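The values are calculated or read from the model by the stated rules, or taken from the named source; none is laboratory data. Keep in mind it's a predicted model, so treat the numbers as computed, not measured. Reconstructed Cβ throughout: ideal geometry from the backbone, glycine too, with neighbour counts over all protein chains shown. Surface accessibility is based on the protein's heavy atoms, side chains included, excluding ligands, DNA and RNA. Shrake-Rupley method; radii C 1.70, N 1.55, O 1.52, S 1.80 Å.
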Amino acid sequence: TSKKTVADTSDKNFTITKTKVAVPSSITVTTPNGGQKWKTGKSYTLKWTHKTAGDNVKIQLLKSGKQYKWISKSTQNDGKHTWKIPSTVATGSAYTIKITSTSKKTVTDTSDKNFTITSDDGRT
């Protein structure tokens, strides 16, 4: 007996492409992320990763995990924001920063650990 091969070839070319994987939107607070000692009356640069979080973010100062003060209700999402700490901010060590996309409310991050705010005259 002889073996016969049955075969066929595509009539036209086809294309293989890579599927674009949607990168999840995210923000990560990098400064202050815990342990810093900042003084009222001085300016500090808040920093965060920002590539996929939209055009603008809002920045909140939290005390013991609760809204304490707005740092900015809308600022450009460029990964940094200079903040001069008002002398009206109470001194303490239970502060964190929360940054949220203004266009994607679920895209948010908070400092991993607390940082301290002291007064310009050295009192804590």
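The single condition from (1) in a strand (DSSP E or B); (2) polar (S, T, N, Q); (3) within 18 Å of residue 40 (Cα to Cα) that residue 88 fails is (1).
Working only within region 80-124, note down all residues that are at positive phi and modelled with pLDDT under 95.
122
Residue count for region 58-92, restricted to those that are touching a Lys or Arg at 6+ places or on another chain (Cβ under 9 Å), open to solvent by 70 Å² or more (accessible area, probe 1.4 Å) and closer than 21 Å to residue 120 by Cβ: 2. Scanning region 42-79 for residues that are within 13 Å of the chain's Cα centre (by Cα), of a type in the set (Ser, Thr, Tyr) and modelled with pLDDT of 95 or more gives a single hit, 75. Scanning region 5-19 turns up no residue that is of a type in the set (S, T, N, Q) and under 30 Å from residue 120 (Cα atoms). Residues in region 35-57 that are more than 17 Å from residue 74 (Cα to Cα) and open to solvent by 30 Å² or more (accessible area, probe 1.4 Å): 35, 36, 37, 39, 41, 42, 43, 44. Taking every residue in region 95-113 that is touching a residue at least 12 places away in the same chain (Cβ under 8 Å) and open to solvent by less than 40 Å² (accessible area, probe 1.4 Å) and pairing it with any residue that is among the basic types (Lys, Arg) and not in a strand (DSSP E or B), at least 6 positions away or on another chain, the pairs with Cβ-Cβ distances below 8 Å are 96/113. Of the residues 37, 63, 58, 69, the single one that is free of Cβ contacts under 8 Å to residues at least 24 places away in the same chain and either in contact with an Asp or Glu (Cβ under 6 Å, 6 or more places away or on another chain) or not hydrophobic (A, V, I, L, M, F, W, C) (or both) is 69. Within region 75-94, residues that are among the aromatic types (Phe, Trp, Tyr) reach no partner that is at pLDDT below 95 and open to solvent by 40 Å² or more (accessible area, probe 1.4 Å) with beta carbons closer than 7 Å at six or more positions or on different chains.
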